[in-house]
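Step one of this worksheet: look at the structure below.
The values are calculated or read from the model by the stated rules, or taken from the named source; none is laboratory data. What you are looking at is a predicted structure, and each value in this text was computed from that prediction instead of being measured. Here the Cβ is made from the backbone with ideal geometry for all residues, glycine too, and neighbour counts use every protein chain on show.
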Amino acid sequence: MSAPGRPAGSGVAAPAPDPVRAPFPRLREIAEGVHVYEQLPGGWCLNNAGLVAGADRSLLVDTVATRARALHLREETRRVVPGGPDFVVNTHFHGDHVFGNEHFVPRAAVISHEQTRSDIEEAGLGLCHLWPGVDWGEPRLTLPDVTFREAMTLRLGGLTVELLEIGPAHTASDVVAWVPERRVLFTGDVIWSGVTPFLLMGSVEGSLAAVERLRALGPETVVPGHGAVAGTDALDATEAYVRRLRGIAEDGLRAGLSPLQAARKADLGPFAALVDPERLAGNLHRAYAELEGLPPGERIDVAAGFGDMVEFHGGLPFSAA
C-alpha cells in the first residue's frame, strides 16, 4: 500500500546497486504479522530492523544508520501499515539503531530503556565521525519520548511485544523485543549471526547471562542485531564466541600480553571467518577489565579499544552502510 497522499509506486526507491555499499532490502514477513528488514552482510553500521503489525497498532524495532536507508525503511513499513508504525523501539544507543528515529516521528512514539535515552544524548552523532566515508545524510538526533526500566508490554491487537531489559551485554542497557504469540525474538546487538559480537561497551559475563535468559524464553525465530535471521543456533554461536573470547583473555593476562598482543596471537578457530573479526581486539579490552575486577557494564577507555581494532585491522574497518 502506498503512503497516504502519494500516488501508488511513488515512494522512496532503493538507490541503484552499488558495488561498494550493501543493498537495500525489502521488508519480509517471517511469521504472521512479523517482518524483518535484514541488512546483509551485517557488518559495521548494517543492522537489522523489524516490524510487528497487530490488528490495531504496529511497532518498529530499531531504525537504521543513514538518511537514505531510513527513508527506504519507512517506505517499506508503509507497504504493510498505512502511514507507518505507531511505536519505534531503540534496543540500545548506537547510531545505526537510532539515527533513523527522526523519520518516524511525530507519528510514532519512540521508546527505550531510561539509560539508553541518556546514552543516546551523550553519544550524539559521534558515530558519523568514525566513518566519514559513509553518506549519513546529515542526521538529526531524535531522543526517545517514553522510557522504562525493567520491562514494558505493548498490546498491538492480537500480537504482544514484551520489551525486556537484558543488559549489560552489548552495551550497559540492552533491550530485546519478544513476540510470544509468534515465538519471535528481536535481540538487538545482544545476539549476532555470522558477524563478530562486539562487547567493548558492554560485558562478557553479562552477555553469557543474557544468552541464558533469552534461551529461557523459548524462541523459535531469532532476529539478531546484525546478520541473517536464524533459530536458536544464533544464541549458541554467540555464546561460543564469548566463551572463546574469555579464554583468550585469560591466556593473555597470564602471559602478560596487552589486549592487542593477545588478539594478534589468538587462534579464533571457526570464529575467524565471521564478519569483522577485528572486533576481537576491542572485545579483549572489556574481557581484561572484567577479569581484573571491573563490574559488568562499567565504563572503560573505548577510544583505546577502538584504536586497537584499527591497528589490528591495518586501518579503519570498512562500513558498507
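May I ask you to say which residue of GLU162, GLU102 is of a type outside the set (Gly, Ala, Ser) and either buried (at least 20 other Cβ atoms within 10 Å of the Cβ) or touching a strand residue (DSSP E or B) at 6+ places or on another chain (Cβ under 8 Å) (or both)? Selected residue: GLU162, the only one of GLU162, GLU102 that is of a type outside the set (Gly, Ala, Ser) and either buried (at least 20 other Cβ atoms within 10 Å of the Cβ) or touching a strand residue (DSSP E or B) at 6+ places or on another chain (Cβ under 8 Å) (or both). Those strands (runs of 3 or more DSSP E) of the range 152-214 that lie entirely within it include none in which at least 3 residues are at pLDDT below 95 and farther than 16 Å from ASP236 by Cβ. Given the criteria modelled with pLDDT under 95 and crowded, with 20+ Cβ neighbours inside 10 Å, does GLY133 qualify? So GLY133 does not fit the description; no. With respect to the conditions (1) closer than 22 Å to HIS94 by Cα; (2) without any contact (Cβ under 8 Å) to a residue 60 or more places away in the chain; (3) assigned to a helix (DSSP H, G or I), GLY315 falls short on a single one, namely (3).
Among the residues examined, VAL175 qualifies as in contact (Cβ under 8 Å) with a residue 24 or more places away in the chain and buried (at least 18 other Cβ atoms within 10 Å of the Cβ). Set side by side, the residues VAL204, VAL175 differ, and just one is among the β-branched types (Val, Ile, Thr) and either touching a Gly at 6+ places or on another chain (Cβ under 6 Å) or closer than 21 Å to VAL52 by Cβ (or both), which is VAL175. All of ALA303, ALA320 fail the test of being surrounded by fewer than 21 Cβ atoms within 10 Å (Cβ to Cβ), touching a Lys or Arg at 6+ places or on another chain (Cβ under 7 Å) and closer than 30 Å to ARG67 by Cβ, apart from ALA320.
Within the range 75-99, the set of residues being charged (D, E, K, R), assigned to a helix (DSSP H, G or I) and surrounded by fewer than 22 Cβ atoms within 10 Å (Cβ to Cβ) comprises GLU75, ARG78, ARG79. Count of the range 240-274 residues, restricted to those that are surrounded by 21 or more Cβ atoms within 10 Å (Cβ to Cβ), assigned to a helix (DSSP H, G or I) and aliphatic (A, V, I, L, M), is 7.
Annotation note: of GLU220, GLU212, GLU292, GLU298, the sole residue that is loosely packed, with under 14 Cβ neighbours inside 10 Å and under 17 Å from PRO197 (Cα atoms) is GLU212.
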